[in-house]
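Read the figures in this text as sums done on the coordinates, not as results from a lab. Being a predicted model, the structure only gives us computed values, none of them experimental. Here the Cβ positions follow ideal geometry from the backbone for every residue, glycine too, while neighbour counts run over all protein chains shown.
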Amino acid sequence: MKRVTVLAGGVGGARFTRGLLAHLAVLAPDAAVTVIVNTGDDMWLDGLRICPDLDTVMYTLGGGINEEQGWGRPDETRRASAEIAAYGRGWSWFTLGDLDLATHIVRTDLLRNGSTLSQATEFLCRRWQPGVRLLPMSDQPVETHVCLAENIDEHTAGDYIHFEEWWVRYRARVTITGFKQQGLTDAVAAPGVLEAITEADLVVLPPSNPVVSVGTILAVPGVRQALRSTGARVVGVSPIIGGAAVRGMADTCLHTIGVETSALAVGLHYGARTNGGVLDAWLIDGTDAAALPTLAAAGIRSAAVPVWMTDLPATTAMAAAVLALAATA
Ligand code: GDP
Ligand code: CA
């Protein structure tokens, strides 16, 4: 197992990759891990380019994450955010901690001076040393927006608002009719992304949001085809346990695209590679073991083990189960 590539969102992808690295450190110390990160949650805020998922993965793997929140840095203040709010600018409900702001300032400076997002990410990682090659899915801005089904605050039904506004400001409690990835059709995969998939020994879809994290990466032109044609095994881990999204509101995203919130339905949504989909194998929780025969019948080799990322040992065991499943798929 030399080259492992992970297609990640924020918290779920970052925590899984931490377990994967811990497992590989023992089993295959010379393995190289590439993490391709969703950039659909990116936005401009207060004049700065914010990349929530890239930063969560970078901080988590670099030892700089606020563990309770899953985003931002520990021990940061909100003084700068409060000052911006005092001017009536920015999004009062989207807090940028003062230590995190430094990352956004440096990134924005690099972008303004002509760096691509890939180059800016590589630069930031020189400090954080995440132990993986961290690649944005694309260097072109792609932003996930949601279409509101009802009037709320200054918005009217039918308006599109940024995914983060729906997710953070409205806690995904406002009904939406769909998602639109602005900029996606003109976007190209960032340098190294398609090769990281086609030349890997193993590709993992970690327990990230299947709609707005993994789904957005899969929609980047060329990515789905790379997954379909790679010689690597493609193994996914269910972000759904016992019919619930574990943490966060992924169920509302699934509901919006007409997919049931279950480990089975998400596995079938990704689909078997032998049948037009992207998976060879799918790891689900023991509580969902009843889905195993249906998954097998659909051509997806599956196993049921604990998939709660409660701590590093549990997550490391999960990564070991992914490698074991890959070896048999
Ligand atoms: P985000 O960008 O920060 O929302 O993070 P991701 O898209 O990477 O992952 C979020 C998803 O991870 C959630 O929707 C959950 O379904 C899933 N998740 C979070 N914690 C766990 C866990 O402990 N186990 C499993 N299996 N899934 C989890
Ligand atoms: Ca995200």
Taking the convex hull of the Cα atoms, report for region 129-264 its projected area averaged over all directions, in nm².
9.6
Using the Karplus curve 6.51 cos²θ - 1.76 cosθ + 1.60 with θ = phi - 60°, work out ³J(HN,Hα) for each residue of region 67-72 in order, rounded to whole Hz, and write x for Gly and Pro.
4, 5, 6, x, 8, x
The chain, helix-only ellipticity at 222 nm - DSSP H runs n ≥ 4, -39,500 (n - 2.57), divided by all residues, nearest 500:
-10500 deg cm²/dmol
Interchain or long-range residues, amide H under 5 Å from ARG49's placed H:
THR108
Work out how much length ALA25 to SER92 would gain on full extension: take 0.36 nm times their residue separation and subtract the Cα-Cα distance, in nm to one decimal.
19.9 nm
Each residue of region 54-60 in turn: what ³J(HN,Hα) in whole Hz from Karplus with 6.51, -1.76, 1.60 and θ = phi - 60°, glycine and Pro shown as x?
4, 5, 4, 5, 4, 5, 4
Value of relative contact order over region 143-182, rounded to a whole percent, pairs C-alpha under 8 Å and six or more apart:
54
Counting Lys +1, Arg +1, Asp -1, Glu -1, what net charge surrounds GLY12 among other residues with beta carbon under 12 Å of its beta carbon?
+2
Neighbour counts of other C-beta atoms within 10 Å: give me ARG49, ARG171, ARG15 arranged from fewest to most.
ARG171, ARG49, ARG15
What is the extension gain from THR310 to THR116, computed as 0.36 nm multiplied by their sequence separation minus the C-alpha to C-alpha distance, in nm to one decimal?
66.3 nm
Quick one: order TRP44, TRP282, TRP91 by neighbouring beta-carbon count within 10 Å, fewest to most.
TRP44, TRP91, TRP282
What are the residues whose amide H is under 5 Å from the amide H of TRP282, where those residues sit 5 or more places off or on another chain and H is modelled from the backbone?
GLY236, ARG301, SER302, ALA303
Rounded to the nearest Å, what's the spacing between the alpha carbon centres of region 153-184 and region 4-41? Just the number, please.
29
With the 8 Å Cα cutoff and a minimum separation of six or more residues, region 222-329 has a relative contact order in percent of 26
Which of the peptides 258-270, 146-158 is most tightly packed, and how do the rest follow, judged by the mean count of other Cβ atoms within 10 Å per residue?
258-270, 146-158
What is the set of long-range amide H partners of ASP159 at a cut-off below 5 Å, with H atoms built 1.01 Å from backbone N?
LEU148
What ³J(HN,Hα) values, in whole Hz, does the Karplus curve 6.51 cos²θ - 1.76 cosθ + 1.60 give for region 287-299 when θ = phi - 60°, with x put for Gly and Pro?
5, 9, 4, 4, 7, 4, x, 5, 5, 4, 5, 7, x
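Before anything else, pin down the relative contact order of the chain: Cα pairs under 8 Å, at least 6 apart, normalised by residue count, whole percent.
So the answer I get is 18 percent.
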Gain on full stretching of the segment that runs from SER229 to ARG126 - 0.36 nm per residue minus C-alpha separation:
33.9 nm
